[in-house]
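> There's a structure below that I have some questions on.
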Amino acid sequence: MIEYIGAMDSELSRHDAFEPIDTPRERRWLLRVLRDETFGGALLLLAGLLALVIANSELGDWYADFRATKIGIEAIGLDLTIAHWAADAFLAIFFFVAGLELKHEFTHGSLAQRKQAVVPIVAAIAGMIVPALVYVVLARGESGALDGWAIPVATDIAFALAVLAVAGRGLPLELRAFLLALAVVDDLGAITIIAIFYSEKTDLLFIGLTMALLLLYALLQKGGLTQWYLMVPLALVIWWSTYQSGVHATVAGVLIALFTRLSSSDEGPSPAEVAERRVRPISVGIAVPFFAFTAAGVDLRALGVETIAEPISVAVIAGLVIGKPVGVLLATYLLTRFTAAKLNANLRWADLVGVGLLAGIGFTVSLLIAELSFDDGSGALAAGKIGILVGSLFSATLAVLFLRISKRAHR
């Protein structure tokens with residue numbers, strides 16, 4: 001039996017079933033809304049648009065000062081600007097939730113079979129390599145532009161899944177699992193690139209401390225000691241240690257998710273399910289929109305229309321709109337044609353064209369890489385962000401068109 005995208009209400013009801021019986025109706029409704037992918041994508045888009053409007057209004061100076069405002073405890077190395085808190089801490093929450101969902105798909109979901117799971121993984125890798133090559137070819141003549149070669153390698157999971165939830169209703173649910181795996185592997189690859197090429201000098205002492213803390217976390221999970229008052233403080237210390245190590249702190253979110261137990265000792269929800277249902281509303285309603293608000297505000301007033309034709313902008317747009325789908329489709333074809341790997345029987349090639357285009361929505365992590373690649377306030381950073389916004393919009397529009405065509409093939 002084929003399950004179709006659009007049956008998300010059953011998934012939301014499953015989460016509702018985990019809530020205590022005495023949970024007020026209004027709170028249950030709010031949590032239900034905050035777990036909905038369509039709402040999450042809309043909120044993310046709204047936050048980005050709001051940032052653009054404010055940055056280009058009389059409040060532009062306030063917006064710049066807001067991003068640069070420092071908050072934290074200097075004694076423990078956490079005297080960070082609001083923009084850095086958004087990128088290093090809030091996005092770690094996002095990657096924790098994505099990591100939990102991907103772990104479920106690979107162990108109990110539609111990607112549990114190795115021959116099927118390897119396809120989105122390889123497609124994601126090719127979907128990083130090809131856009132990076134496209135960027136390098138188009139931007140190589142611009143001074144300092146090659147620093148941003150990794151900008152088009154990432155996929156915005158929240159945006160891509162939201163577009164699929166709206167435009168992909170009636171398509172097999174396996175398509176969502178394929179996109180989720182591809183997008184998470186994309187972003188894991190992007191985070192790895194950040195850790196290697198964009199992180200500050202690493203501190204081996206803190207790397208060792210992080211590994212020891214993760215081992216403690218895993219042992220507590222295995223031993224059934226998963227109470228929130230143990231797990232939350234330990235997770236925060238793991239995040240802090242990761243940040244102090246010089247590795248980008250968002251890596252901590254993924255690592256914690258991978259060590260969270262997916263099995264349950266009784267008939268109730270597993271620790272991973274409990275964590276996912278508790279943290280997802282925070283990720284959807286606060287963390288990701290807040291990062292979008294702090295990162296998407298490009299002051300266009302000082303830029304001319306010609307900025308979109310700058311080599312960096314063109315390279316990013318081409319990498320997202322052309323490089324992404326070409327890499328995903330080419331790798332998938334070669335892998336399924338010449339190896340034992342195979343697509344899920346419910347998926348068709350028309351579906352994968354839409355997925356390849358959805359992978360070109362590079363908003364969140366691409367903005368993060370752009371900020372790490374270029375100096376704050378520079379023309380290169382502005383051009384990179386313009387390329388991300390335009391390229392992501394083009395990719396989303398084309399994806400909607402191809403998904404509609406794909407629907408007809410399933411009728």
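Values in this text are rule-based calculations from the coordinates and carry no lab data. Since this is a predicted model, take the numbers as computed values, not measurements. Cβ coordinates were reconstructed from backbone atoms using ideal geometry, including for glycine residues, and neighbour counts include every protein chain displayed.
> Give, in nm to one decimal, the length gained when the segment between Ile196 and Val232 is fully stretched (0.36 nm per residue of separation minus the Cα-Cα distance).
Gain in length upon complete extension: 10.2 nm.
> From the square roots a ≥ b ≥ c of the eigenvalues of the alpha-carbon gyration tensor of the stretch 187-242, which class results: rounded (a/c under 1.5), prolate (a/b over b/c), or oblate?
Prolate.
> Also, I was wondering about something else. Within 10 Å, count the other beta carbons around each residue, average over each peptide in 290-297, 254-261, and list them highest first.
Top of the packing list down: 290-297, 254-261.
> Same structure again: Using +1 at the C-beta of Lys and Arg and -1 at the C-beta of Asp and Glu, which of Leu138, Phe363, Val184 has the Cα lying farthest in the positive direction of the dipole of the chain?
Towards the positive end, the residue furthest out is Val184.
> Can you tell me the Rg and Dmax of the stretch 280-411, counting just the alpha carbons, in angstroms?
Rg, Dmax (Cα atoms, Å): 17.4, 54.
> In whole Å and largest first, what semi-axes does the C-alpha gyration tensor of the chain yield when each eigenvalue is scaled by 5 and square-rooted?
The three semi-axes for the chain are 30, 28, 21 Å.
> Tell me which residues come under 5 Å, amide H to amide H, from Thr155 once H is placed; ignore anything under 5 positions away on its chain.
Amide H to amide H, under 5 Å and 5 or more residues apart or across chains, Thr155 pairs with Asp187.
> Could you tell me whether the stretch 220-266 comes out rounded, prolate or oblate from its Cα gyration tensor? Rule is a ≥ b ≥ c as square roots of the eigenvalues, rounded for a/c under 1.5, then prolate if a/b exceeds b/c, otherwise oblate.
Prolate shape, in that a/c is at least 1.5 and a/b is the bigger ratio.
> Debye calculation, C-alpha points only, no solvent: report log10 I(q)/I(0) for the stretch 40-94 at q = 0.13, 0.17, 0.24 Å⁻¹, in the same order as the q values.
Results for the stretch 40-94 at q = 0.13, 0.17, 0.24 Å⁻¹ read -0.42, -0.67, -1.00.
> Can you give me the long-range amide H partners of Ser264? Hydrogens built in the peptide plane at 1.01 Å from N, cutoff under 5 Å, separation of 5 or more residues or another chain.
none
> What number, rounded to the nearest 500 deg cm²/dmol, is the helix-based mean residue ellipticity at 222 nm of the chain, given -39500 (n - 2.57) per DSSP H run of at least four residues and division by all its residues?
That calculation yields -21500 deg cm²/dmol at 222 nm.
> Further question on the same structure: Could you give the length gained on full extension between Asp266 and Ala309, defined as 0.36 nm per residue of separation minus the Cα-Cα distance, in nm?
Computed gain between Asp266 and Ala309 is 9.6 nm.
> Once the dipole of the stretch 157-249 is set up with Lys and Arg at +1 and Asp and Glu at -1 on Cβ about the Cα centre, which of Leu161, Gln221, Ala195 lies farthest towards its positive end?
Gln221
> Same structure, new question: Can you classify the stretch 258-352 as rounded, prolate or oblate using the Cα gyration tensor, where a ≥ b ≥ c are the square roots of its eigenvalues, rounded means a/c under 1.5, and otherwise it's prolate if a/b beats b/c and oblate if not?
It is oblate, given that a/c is not under 1.5 and a/b is not larger than b/c.
> Ok, one more. List, in order, the whole-Hz ³J(HN,Hα) value for each residue of the stretch 391-407 obtained from phi through the Karplus relation with A = 6.51, B = -1.76, C = 1.60 and θ = phi - 60°; use x for Gly and Pro.
Computed from phi, the couplings for the stretch 391-407 are x, 5, 5, 4, 4, 5, 5, 5, 4, 4, 4, 6, 5, 5, 5, 5, 4 Hz.
> Moving on to the next point. What residues have an amide H closer than 5 Å to that of Leu78, excluding those fewer than 5 places away on the same chain, when H is modeled at 1.01 Å from N in the peptide plane?
Answer set, sorted by chain and number: Ile73.
> If you take the C-alpha gyration tensor of the stretch 224-307, multiply each eigenvalue by 5 and take the square root, what semi-axes do you get, largest first, in whole Å?
Listed largest to smallest, the semi-axes of the stretch 224-307 are 36, 17, 10 Å.
> What does the charge dipole of the chain about its Cα centre add up to, to the nearest 20 debye, if the Cβ of each Lys and Arg holds +1 and the Cβ of each Asp and Glu holds -1?
Roughly 1500 debye, rounded to the nearest 20.
> Given the options Ala64, Ala154, Ala47, which has the most mean-square fluctuation in a GNM of the chain, springs set between C-alpha atoms less than 10 angstrom apart?
Comparing Ala64, Ala154, Ala47 in a Gaussian network model of the chain, the most mobile one is Ala64.
> Something else now. ³J(HN,Hα) across the stretch 331-343 via Karplus (A = 6.51, B = -1.76, C = 1.60, θ = phi - 60°), whole Hz, x for Gly/Pro?
5, 5, 5, 5, 5, 6, 7, 10, 10, 7, 5, 8, 7
> Dipole size in debye (nearest 20) for the stretch 283-411 around its Cα centre, Lys and Arg Cβ +1, Asp and Glu Cβ -1?
For the stretch 283-411, the charge dipole is close to 1020 debye.
> Continuing with this model, one more query. For the stretch 348-365, take each phi angle, set θ = phi - 60°, evaluate the Karplus expression 6.51 cos²θ - 1.76 cosθ + 1.60, and give the result in whole Hz per residue in order, putting x for glycine and proline.
3J(HN,Hα) across the stretch 348-365, in whole Hz: 10, 5, 4, 5, 6, 4, x, 5, x, 6, 4, 5, x, 7, x, 4, 4, 6.
> Calculate how large, on average over all directions, the projected area of the Cα convex hull of the stretch 165-283 is; give the answer in nm² to one decimal.
Taking the Cα atoms of the stretch 165-283, their convex hull projects to 9.2 nm² on average.
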